[in-house]
Amino acid sequence: MRYNSTLIAAIAGVAMAVAPLSPASAHGHHHDGGLLFGLAALGTAAVVGVATIVTAPVRALAEIPPPAPGYAAPIYTAPAYSYAPPAAYAPPAYYAPPVAAYYPPPPPPGYGGR
């Protein structure tokens with residue numbers, strides 16, 4: 001048990017040490033990657049694909065554990081009472097009154113060549 005927690009702490013420490021320290025950038029000149037990045041991405045995709053194919057039969061044949069004995073999930077029923085909210089929530093008395101209009105009045109007739 002002690003070795004498991006030590007191993008997890010070591011992996012977390014290595015992950016934090018190799019994490020990039022510079023901020024992310026959405027500019028195009030930072031995304032060129034190059035040949036090394038392309039080969040690393042291709043290798044990673046191949047490893048993940050092989051791992052998925054190799055472990056698929058194990059996952060398919062794994063036995064699903066039964067539920068814990070003596071456990072029954074409670075059945076939800078809606079409450080028997082019902083109430084309606086108030087028709088409107090009035091603002092407090094110390095609020096300013098609403099403005100008359102949010103836009104200027106229309107121009108007078110004949111304004112602007114019409």
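Bear in mind these aren't lab numbers, they're just calculated from the coordinates by the rules spelled out. Here the structure is a predicted model, which means the values were calculated and not measured. FYI the Cβ positions are ideal-geometry reconstructions off the backbone, even for glycines, and counts take in every protein chain you see.
Label sites at Glu63 and Asn4, each approximated as a point 7 angstrom past Cα along Cα to Cβ, lie 2.1 nm apart.
If the segment from Ala96 to Val54 were pulled out straight at 0.36 nm per residue, it would be longer than the present Cα-Cα gap by 8.2 nm. The 3J(HN,Hα) values that the Karplus relation (6.51, -1.76, 1.60; θ = phi - 60°) gives for the range 106-112 are, in residue order, x, x, x, x, x, 7, x Hz. Gly and Pro appear as x.
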